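Undergrad: What follows is a single structure, and I will ask about it in a moment.
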Amino acid sequence: MITVVVLSERLDAVLPAAALPALRSAKAVYAGEGVPLEFWSSLGVDGPAPAVVEDGAVVITTDASAYPDAEVITTPEPMGAALLDAAAVMHRLRSPGGCPWDAEQDHLSLRQYLLEETYELLEAIEDGDRAAMREELGDVLLQVLFHARVAAEDPGDPFDIDAVASELVAKLVSRHPHVFEGHDPAVHDATSQQHRWEELKQAEKRRESSVDGVALGQPAVALAAKLVQRTKRAGFPVDLLPEGDDTGTTLFAVTALAKLGGEDPETELRQVCRRFAANVRLAEAKARAEGLDSLDARDWRRFWPS
């Protein structure tokens, strides 16, 4: 039997460790498809692969399809290798000769898609739909790649996807000193890690207020919950929360009580909304089954799920 060693197209002339025993005992080592001549010496290649390869020989190639009966040893791809492909595709789409629509977009025009894809991902998570989650995570990733590619073209302050990733890595490392720098006495469980994260974040960004950095453009329930969470960590007393009988203050109070009680009011409300929408659809479907196209109050009560 012959052995085929499949090289990674991303890693020039890097042999997998699993191939070393076969290479040491090989009768001959040949270069197949995709192996440039300049790499032959470093790979120990004796010559190009003949039409018929003798048993006991090794063929180094990037395509094993020509050797269906061979023992195949592949080169493990590094974690995140497919992200390089995604970035390359985005670069191609945005470059001259790529997609005209992609070329016309900017940060402002892409905002709606970032929101849409985020909500579609949230729905997939709530539905527990693994296939949809995988797809929607890809769509969210596309928005990150797209914005970074647009940013790279800015004449005054350009940055690219590598700068985005590097900044993320630096942030994760600096905010997890108990992981990357040894023991941190301030961190002993998930709750203390959350507090430590906020402390490091506030010191890093030199924030003057506990509510600095809270995105005011997020949905109102999520915004209220985030404000309560931040101020609670700052020792804010509950009796100073907004009081009143108007709708807005009442909603804030309900949100605050839920958040202080350890719940996520945004998620709780979304679940109620989804149940309500499902019940509406079910009642309408029952009505249609009986030939009704419109419902009055009595019909709604008759068909409403018990």
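Undergrad: Work out the charge dipole of segment 33-77 with +1 on the Cβ of Lys and Arg and -1 on the Cβ of Asp and Glu about the Cα centre, then indicate which of Ser41, Pro76, Ala64 is farthest towards its positive end.
TA: Ser41
Undergrad: Now, a different point. For labels at Asp299 and Leu172 in the simple 7 Å Cα→Cβ model, what's the distance in nm?
TA: 5.4
Undergrad: Same structure, new question: For segment 92-158 and segment 33-53, what is the centre-to-centre distance using only Cα atoms, to the nearest Å?
TA: 41
Undergrad: May I ask for the net charge around Ala222, where only other residues with Cβ less than 11 Å from the Cβ of Ala222 are counted and Lys, Arg are +1 while Asp, Glu are -1?
TA: +1
Undergrad: So if I place +1 on the C-beta of Lys and Arg and -1 on the C-beta of Asp and Glu, and nothing else carries charge, what would the dipole magnitude of segment 115-231 be about its Cα centre? I want it in debye, nearest 20.
TA: Charge dipole of segment 115-231: 640 debye, to the nearest 20.
Undergrad: Would you please classify the overall shape of segment 1-153 from the alpha carbon gyration tensor, given that a ≥ b ≥ c denote the square roots of the eigenvalues, rounded means a/c under 1.5, and beyond that prolate means a/b larger than b/c while oblate covers the rest?
TA: prolate
Undergrad: Taking H placed 1.01 Å from N in the peptide plane, check which residues at least 5 places from Val4 or on another chain put their amide H under 5 Å from its amide H.
TA: Val59, Glu71, Val72, Ile73
Undergrad: Please work out whether segment 181-306 counts as rounded, prolate or oblate from its C-alpha gyration tensor, where a ≥ b ≥ c are the square roots of the eigenvalues and a/c under 1.5 means rounded, while otherwise a/b larger than b/c means prolate and anything else oblate?
TA: Details: a/c = 3.52, a/b = 2.39, b/c = 1.47.
Prolate.
Undergrad: May I ask you to evaluate 6.51 cos²θ - 1.76 cosθ + 1.60, the Karplus curve with θ = phi - 60°, for each residue of segment 19-33 and list the ³J(HN,Hα) values in order in whole Hz, giving x for glycine and proline?
TA: Taking θ as phi minus 60°, the curve returns 7, 4, x, 5, 5, 5, 9, 6, 5, 7, 10, 10, 9, x, 4 Hz for segment 19-33.
Undergrad: Continuing with this model, one more query. Note the full-extension length gain between Glu71 and Glu153 as 0.36 nm times their separation in residues minus their Cα-Cα distance, in nm to one decimal.
TA: Result: 24.8 nm gained on full extension.
Undergrad: Next question, about the same structure. Multiply the residue separation of Met1 and Ala132 by 0.36 nm, subtract the distance between their alpha-carbon atoms, and state the gained length in nm to one decimal.
TA: 42.9 nm
Undergrad: Where a ≥ b ≥ c are the square roots of the eigenvalues of the C-alpha gyration tensor, would you call segment 102-194 rounded, which needs a/c under 1.5, or, failing that, prolate if a/b is larger than b/c, or oblate?
TA: oblate
Undergrad: Next up: Using the beta-carbon distance between His188 and Glu263 and R0 = 22 Å, what value does 1/(1 + (r/R0)^6) give for FRET efficiency, to the nearest 0.05?
TA: Numbers: r = 24 Å, r/R0 = 1.09.
Here the calculated transfer efficiency is 0.35.
Undergrad: Now for a separate question. So how strong a dipole does the chain carry about its Cα centre when Lys and Arg Cβ are +1 and Asp and Glu Cβ are -1, to the nearest 20 debye? Provide the component values of the computation, followed by the final result.
TA: Working: 30 positive and 52 negative charges, 189 e Å.
In debye, rounded to 20, the chain gives about 900.
Undergrad: Something else now. Pairs of lysine in the chain with Cα under 23 Å and at least 8 positions apart or on different chains: total?
TA: So the count works out to 10.
Undergrad: A further question on this structure: Considering only protein heavy atoms, what per residue accessible area in square angstrom results for the chain with a 1.4 angstrom probe? Walk me through the intermediate numbers first.
TA: Working: 20080 Å² over 306 residues.
I get 66 Å² per residue for the chain.
Undergrad: Considering only protein heavy atoms and a probe of 1.4 Å, how much of the accessible area of the chain is carbon and sulfur, as a whole percent? Each step should come with its number before you reach the end.
TA: Values: 11450 of 20080 Å².
Result for the chain: 57 percent of the exposed heavy-atom area is carbon or sulfur.
Undergrad: Here is a follow-up. Evaluate the relative contact order of the chain (contact order divided by residue number), counting alpha-carbon pairs under 8 angstrom at least 6 apart; express in whole percent.
TA: So the answer I get is 10 percent.
Undergrad: Let me ask something else about it. How high is the relative contact order of segment 145-235, given as a whole-number percent (alpha carbon pairs under 8 Å, six or more residues apart)?
TA: 14
Undergrad: For segment 49-60, what does the Karplus curve 6.51 cos²θ - 1.76 cosθ + 1.60, with θ = phi - 60°, yield as ³J(HN,Hα) per residue in whole Hz, taken in order and with x for Gly and Pro?
TA: 5, x, 4, 10, 9, 6, 4, x, 8, 10, 10, 9
Undergrad: Karplus couplings for segment 292-306 from phi (6.51 cos²θ - 1.76 cosθ + 1.60, θ = phi - 60°), rounded to Hz, Gly and Pro as x?
TA: Coupling constants for segment 292-306: 9, 9, 9, 10, 9, 4, 5, 5, 4, 5, 6, 9, 5, x, 7 Hz.
Undergrad: In whole percent, what relative contact order does segment 216-306 give with Cα contacts below 8 Å and a gap of six or more residues?
TA: Details: 50 pairs, mean separation 22.4, N = 91.
That works out to 25 percent.
Undergrad: Extending each Cα 7 Å along its Cβ direction at Asp106 and Thr247, get the distance between those two points in nm, one decimal.
TA: 3.6
The values are calculated or read from the model by the stated rules, or taken from the named source; none is laboratory data. Predicted model, so just to flag it, every value in this text is computed and none were measured. No Cβ is skipped: glycine too gets one built from the backbone with ideal geometry, and neighbour counts run over all protein chains shown. Ligands, DNA and RNA are excluded from the accessible area calculation, which covers all protein heavy atoms including side chains. Shrake-Rupley method; radii C 1.70, N 1.55, O 1.52, S 1.80 Å.
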